Each structure stands twice: as C-alpha cells, then as structure tokens.
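Below: the structure, in structure tokens.
The values are calculated or read from the model by the stated rules, or taken from the named source; none is laboratory data. Note that this is a predicted model, so its numbers are computed, not measured. Here the Cβ positions follow ideal geometry from the backbone for every residue, glycine too, while neighbour counts run over all protein chains shown. We work out accessible area using only protein heavy atoms, side chains counted, and drop any ligands, DNA or RNA first. Shrake-Rupley method; radii C 1.70, N 1.55, O 1.52, S 1.80 Å.
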Amino acid sequence: MKSALLIIDVQEAFNHPKWGERNNPDAEENIKLLLNEWRHRDAEVIFIKHISKNRNSGFHPTHKGSAIKEIVKPLEKEIVITKEVNSAFIGTSLEKYLHDREIEEVVITGLTTPHCISTTTRMSGNLGFNTYLIEDATAAFGINYKGTYIDAQTIHNISLATLHNEFAIVLTTKELLERL
C-alpha cells in the first residue's frame, strides 16, 4: 500500500513565546526521523504550510514565522501545499494529489495537535484514507478556556483520544518505524 508522510505546519511562527507552554519538545526530532526514513525509501513526502491573510499573523507570508523550520526543510523535489484554514484538505489540491498517486495511507505529523492536526486527521479518515497519527511527532500548547488553564499535555492527550480508532490509528514514531 502506498503511503504519504504529511508534515503539517512545522513553521517558525510556533517558536514565538505568545503560544505559551508546549508539550513534546522532541516532536520536530521525531518528524525528522520519519522524514529521513521516507526519503531513504523514496516515498511520498508532502509538506503543508499554513499561510494567513492577516498581515499581523506570524503565518503571513511576509513574516519569517511562515517559513518551515530548518530541521524538516523540504527538498526542491518535495511538494509544499499551502492552506489558509485548519484542514489540509480544504481549499487545497491535497486530496486530488493523493488520489492521482494512488496513495491509500496517510501518516500525519506536525503542529498543533488540537488544531490543524486533528482537523486534517478527521478529514483524512472521513475521506477513506488509512490514517496514522504519530503522537510524539506532534505537539500542543496549553489553552485558557473560560478562566481555566488546561495544560499542553492534557490538551494533547484528549485530542489524541478523540481521534484514535475513530479517524486514525495513533502510534509513536518507534511503533510506526517498526511497522515499516
């Protein structure tokens, strides 16, 4: 079965202190491990890059924050798909690209777990792709909800729990590499 590795929104803007506390500081290292394996196998790698229309956003194309982090920088031959919303499937060529290449399996990594990762994972599963979400190759930030602070690890865990066995199989980097 042909698979594609999706690397979603691993962008410099997420290094800004305004995001607050983050869990899983090794997420980018784990993404790099998977990226190296996919490249070694000459398998499909797709980078997803969030671009904001808001000029004040770190994700606006005029800001340094919109750049993909150096640790997982795409090669010239690798595709980068830009999006303006949480899902990598909405308003992009991703679904067609996957179907055109007869890719049936999608491995999802990137930032952040409760936002673009969970939205893309849900859509991937709903569209019929065999979807794997790599829990230690994504991360979350703490969130203040109605005056109550919810820490990053709790946000991450709850996000994964709502996806596992419903929209995707949630695995660690090690578990995925052992399956290959």
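Miscellaneous remarks
- For region 119-141, a tally of residues being small (Gly, Ala, Ser) and under 18 Å from Asn24 (Cα atoms) returns 3.
- Unmet requirement for Thr112, which otherwise passes all of (1) more than 28 Å from Glu84 (Cβ to Cβ); (2) surrounded by 15 or more Cβ atoms within 10 Å (Cβ to Cβ): (1)
- Any chance Leu6 is in a strand (DSSP E or B) and in contact (Cβ under 8 Å) with a residue 40 or more places away in the chain: yes
Results for (1) more than 14 Å from the chain's Cα centre (by Cα); (2) not polar (S, T, N, Q), shown as yes or no for each residue.
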| site | (1), (2) |
| --- | --- |
| Thr82 | no, no |
| Gly91 | yes, yes |
| Glu95 | yes, yes |
| Leu127 | yes, yes |
| Glu135 | no, yes |
| Thr162 | yes, no |
| Val170 | no, yes |
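- Residue in region 88-102 that is out of contact with any strand residue (DSSP E or B) (no Cβ under 6 Å at 6 or more places or on another chain), among the acidic types (Asp, Glu), under 18 Å from Ser3 (Cβ atoms) and exposed (fewer than 14 other Cβ atoms within 10 Å of the Cβ) present: yes
- Checklist (1) closer than 22 Å to Thr119 by Cβ; (2) in contact with a strand residue (DSSP E or B) (Cβ under 7 Å, 6 or more places away or on another chain) applied to Ala43, failing item: (1)
- Meets criteria (under 22 Å from Tyr132 (Cβ atoms), open to solvent by 50 Å² or more (accessible area, probe 1.4 Å) and touching a Gly at 6+ places or on another chain (Cβ under 9 Å)) for Glu29: no
- Looking only at residues in region 35-73 that are of a type in the set (D, E, K, R) and more than 16 Å from the chain's Cα centre (by Cα), the one that is surrounded by the fewest Cβ atoms within 10 Å (Cβ to Cβ) is Asp42.
- For Val107, the criteria (1) β-branched (Val, Ile, Thr); (2) touching an Asp or Glu at 6+ places or on another chain (Cβ under 9 Å); (3) crowded, with 22+ Cβ neighbours inside 10 Å; (4) over 26 Å from Lys18 (Cβ atoms) hold in every case but one, which is (2).
- Within the set Leu163, Leu171, Leu177, the sole residue that is closer than 24 Å to Lys49 by Cβ and either open to solvent by 20 Å² or more (accessible area, probe 1.4 Å) or at pLDDT 95 or above (or both) turns out to be Leu163.
- Unmet requirement for Phe89, which otherwise passes all of (1) of a type in the set (Phe, Trp, Tyr); (2) closer than 20 Å to Gln11 by Cα; (3) in a strand (DSSP E or B): (3)
- Only a single item in (1) under 20 Å from Leu160 (Cα atoms); (2) in a loop (DSSP other than H, G, I, E, B) is not met by Asn56, and it is number (1).
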